[in-house]
């Protein structure tokens, strides 16, 4: 979820704002949650990539399942993990290699391109023992 504010709106000419889209200098992240940076559409033939900031992994999956997302095997998903997930005092971004979802659907494991695994939410030892299913591999 994102909040937009009128004072942050960037007024663009209609030619640069197709189908009535709006642009913003900044958006507010009202919840202290992981967010995802998704890049799709690079087909290696000069077509432009499109980047999206997405609030939920389920929406990332739907975005990658669009014709633009299916048209390339070069889609990239970055995890913007908050401090409680990454062990620092601020958000950090890393590239996702795999996403695993628990059988109950409440927990996720993100395997990063550097080999590190990040858990959401922070899991107790008992929760870490539950079974997970691979839902995304990049």
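When a footprinting reagent is the concern and you count Cβ atoms within 10 Å, what order do 24, 100 take, fewest first?
Working: 24 14, 100 18.
Listing 24, 100 from fewest to most nearby Cβ atoms yields 24, 100.
Taken along the Cα-to-beta-carbon direction at a fixed 7 Å, the label points for residue 23 and residue 134 span 4.0 nm. Taking the fewest neighbouring Cβ atoms within 10 Å as the starting point, the ordered list for 102, 75 is 102, 75.
Each label was represented as a point 7 Å from its Cα along the Cα-to-Cβ direction; for residue 8 and residue 59 these points are 1.3 nm apart.
Values quoted throughout were computed directly from the atomic coordinates according to the rules given, and no laboratory measurement underlies them. In this text the structure is predicted, and so the values were computed from the model without any measurement. With ideal geometry, Cβ positions are generated from the backbone for all residues, glycine too; neighbour counts draw on all protein chains shown.
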